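Q: Pasting a structure below so you can have a look.
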Amino acid sequence: MLERVVIVHNEIEELVKSFTHLDQFARQLSSGKMHFSSEIVHFPNLYISRLGFEQSIMFHGQCDADFISFTVPKNKQRLKVNGIELLNQSLYVIPPSKEIIAVYPPSFDGYHLAVEISYLKRVLGHELLDAVIAQSEGIRSGNVKLYSFDKFQSELSYIIDLTLANHHSISPILAFDIQEYIANNLRILFELSSGIKNHSMPFNKRFAVAARASDYINNSGRLRISISELAQHCFCSVRTLEYAFNKVYSITPKQYLTIRRMHLIREELKSACYASVAEVMRKYGVINAGRFSQHYAHLFGEYPSATLRR
C-alpha cells in the first residue's frame with residue numbers, strides 16, 4: 001500500500017514546504033485569495049504528484065543536488081522558465097543545483113515528477129543523464145526535440161492518475177513496477193530525442209540579469225531600492241533591466257519590488273508580533289494606508305486587518 005498525501009491550502013509558505021526536494025521561495029503574482037492543491041505519492045526512488053494553482057505563481061530557487069525533477073502541464077498551459085516560454089511539446093526539466101526562475105500561469109493543472117539522481121543514473125546511464133542535465137534549457141525551450149513527447153505525456157498522466165486513485169491497493173511489487181515503468185519512459189523519451197548529446201547551450205542574458213537583480217533585492221536587507229540602482233548593480237541599462245524582468249517574470253522591476261514588499265508585510269502580519277496594521281505599515285514606509293489596503297486585498301484576496309487577526 002502506498003501513502004497518498006493530499007495538500008489543499010491557501011498559504012504560499014505551505015506550497016513551498018510541500019516541495020521538499022526544492023530549495024526555493026515563491027511569490028503570488030496574480031490577484032485573488034491564494035489556493036493550491038497537491039496530491040503526492042512516494043515511491044522508493046521517486047515521487048509523483050498532481051498540482052493545481054488558481055493564481056499565477058513565481059518560483060525562484062533550485063532542485064536539491066540529489067534530485068532531478070520534471071513538470072508536465074496537463075492542458076497545454078505555457079509556463080515561463082528563465083524568461084523562455086515553454087512550447088506545447090516542451091518538458092520543464094529542473095536539473096540539480098541549477099538556479100531556476102519559473103512563472104506558472106493562473107489556473108495551472110499538471111503533473112510533477114521528482115527522481116533521485118542515483119536511481120535515474122542506473123536507468124539512463126551516466127552519459128545520457130549528464131546530457132539531459134547539460135541540455136535542460138534546450139529541452140525546456142524546444143531547441144532539443146523530444147519526438148515522443150506526446151506519448152510520454154499521455155503515459156505519465158495516465159499512470160499518475162491511476163496511481164493516485166488506487167494507491168491504497170498497490171503492493172510493494174507493483175510499486176516497484178510502476179517506478180520502473182515511469183523511469184523507462186523517461187529513458188525512451190530522451191533516447192529518441194534529436195541531438196540531446198550534441199546540442200550547444202546558449203547564454204541566456206536576460207535570465208542572468210533578472211537573477212542577479214532578484215538576488216540583490218532579496219539579500220540586500222533594504223526596503224527601498226531604486227530601479228537605476230538595480231540596473232547599475234546588474235551592469236546594464238534601465239531598459240535592459242525592464243526587458244529582462246518582462247521576459248522572465250512578465251512584470252516590471254517596479255511591480256516586482258511592490259509585490260515583494262507586500263509579501264514581506266504579509267509575513268510580518270502573520271507573525272503575531274504586532275498589535276496593529278498601522279505599526280507594520282509604518283515600519284515599511286507605507287504612506288497611503290487606504291490605497292495600500294486596496295492593493296493588498298486585490299493581490300491576496302483579503303485586507304491586512306484580516307491577515308493580522310488570523
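The values are calculated or read from the model by the stated rules, or taken from the named source; none is laboratory data. Nothing here was measured: the structure is a model prediction, and the numbers come from that model. With ideal geometry, Cβ positions are generated from the backbone for all residues, glycine too; neighbour counts draw on all protein chains shown. These area figures cover heavy atoms from the full protein model, side chains too; ligands, DNA and RNA do not enter into them. Shrake-Rupley method; radii C 1.70, N 1.55, O 1.52, S 1.80 Å.
Q: Please go through the stretch 27-51 and pick out each residue that is open to solvent by 10 Å² or more (accessible area, probe 1.4 Å), without any contact (Cβ under 8 Å) to a residue 40 or more places away in the chain and in contact with a Leu (Cβ under 8 Å, 6 or more places away or on another chain).
A: The answer is SER37, and nothing else.
Q: Could you tell me which residue of the stretch 131-153 is farthest from LYS247 (Cα to Cα), considering only residues that are under 23 Å from the mean Cα position of the chain (by Cα) and open to solvent by 70 Å² or more (accessible area, probe 1.4 Å)? So that I can check it myself, show each step before the final result.
A: Step one: filter the stretch 131-153 for residues under 23 Å from the mean Cα position of the chain (by Cα), giving 131-146, 149-150, 152-153.
Remaining after also requiring open to solvent by 70 Å² or more (accessible area, probe 1.4 Å): 143, 145, 150.
Working: ASN143: 18, LYS145: 23, ASP150: 27 Å.
The qualifying residue farthest from LYS247 (Cα to Cα) is ASP150.
Q: Give the residue that is modelled with the lowest pLDDT, with candidates limited to residues of the stretch 239-258 that are open to solvent by 20 Å² or more (accessible area, probe 1.4 Å) and of a type outside the set (S, T, N, Q).
A: Quick first cut of the stretch 239-258, residues open to solvent by 20 Å² or more (accessible area, probe 1.4 Å) only: 239-240, 242-243, 246-247, 250-252, 254-255, 257-258.
Now restrict to residues that are of a type outside the set (S, T, N, Q): 239, 242-243, 247, 251, 254, 257.
Working: ARG239: 87, GLU242: 91, TYR243: 90, LYS247: 91, ILE251: 93, LYS254: 92, LEU257: 92.
Once the filter is applied, the top-ranked residue is ARG239.
Q: Name the single residue that is nearest to SER193 (Cα to Cα) among those in the stretch 52-87 being touching a helix residue (DSSP H, G or I) at 6+ places or on another chain (Cβ under 9 Å) and open to solvent by 60 Å² or more (accessible area, probe 1.4 Å).
A: Of everything passing the filter in the stretch 52-87, LEU87 is nearest to SER193 (Cα to Cα).
Q: If you don't mind, there's one more thing I want to ask. Here is a list of conditions, (1) surrounded by 14 or more Cβ atoms within 10 Å (Cβ to Cβ); (2) over 18 Å from the mean Cα position of the chain (by Cα), and SER220 meets all of them except one; can you say which number that is?
A: Among (1) surrounded by 14 or more Cβ atoms within 10 Å (Cβ to Cβ); (2) over 18 Å from the mean Cα position of the chain (by Cα), the lone unmet condition for SER220 is (1).
Q: Looking only at residues that are more than 18 Å from LEU156 (Cα to Cα) and open to solvent by 30 Å² or more (accessible area, probe 1.4 Å) in the stretch 88-103, which one is nearest to the chain's Cα centre (by Cα)?
A: Ranking the qualifying residues of the stretch 88-103, first place goes to GLU99.
Q: Count, please, the residues in the stretch 1-13 that happen to be under 17 Å from GLU302 (Cβ atoms) and either among the aliphatic types (A, V, I, L, M) or open to solvent by 70 Å² or more (accessible area, probe 1.4 Å) (or both).
A: Going through the stretch 1-13 one residue at a time, the tally reaches 1.
Q: Quick check on ALA231: is it part of a helix (DSSP H, G or I), of a type in the set (Gly, Ala, Ser) and in contact (Cβ under 8 Å) with a residue 24 or more places away in the chain?
A: no
Q: Please tell me if VAL16 is open to solvent by 10 Å² or more (accessible area, probe 1.4 Å), touching a Phe, Trp or Tyr at 6+ places or on another chain (Cβ under 8 Å) and either among the β-branched types (Val, Ile, Thr) or in a loop (DSSP other than H, G, I, E, B) (or both).
A: yes
Q: While we're looking at this one, here's another question. Does at least one position in the stretch 104-127 carry a residue that is more than 27 Å from PRO253 (Cα to Cα), free of Cβ contacts under 8 Å to residues at least 24 places away in the same chain, surrounded by fewer than 21 Cβ atoms within 10 Å (Cβ to Cβ) and among the hydroxyl-bearing types (Ser, Thr, Tyr)?
A: Checked the stretch 104-127: no residue is more than 27 Å from PRO253 (Cα to Cα), free of Cβ contacts under 8 Å to residues at least 24 places away in the same chain, surrounded by fewer than 21 Cβ atoms within 10 Å (Cβ to Cβ) and among the hydroxyl-bearing types (Ser, Thr, Tyr).
Q: For the condition polar (S, T, N, Q), in contact with a Ser or Thr (Cβ under 8 Å, 6 or more places away or on another chain) and either at negative phi or modelled with pLDDT under 90 (or both), what is the one hit in SER30, SER37?
A: Numbers: SER37 fails: in contact with a Ser or Thr (Cβ under 8 Å, 6 or more places away or on another chain).
Matching residue, one of SER30, SER37: SER30.
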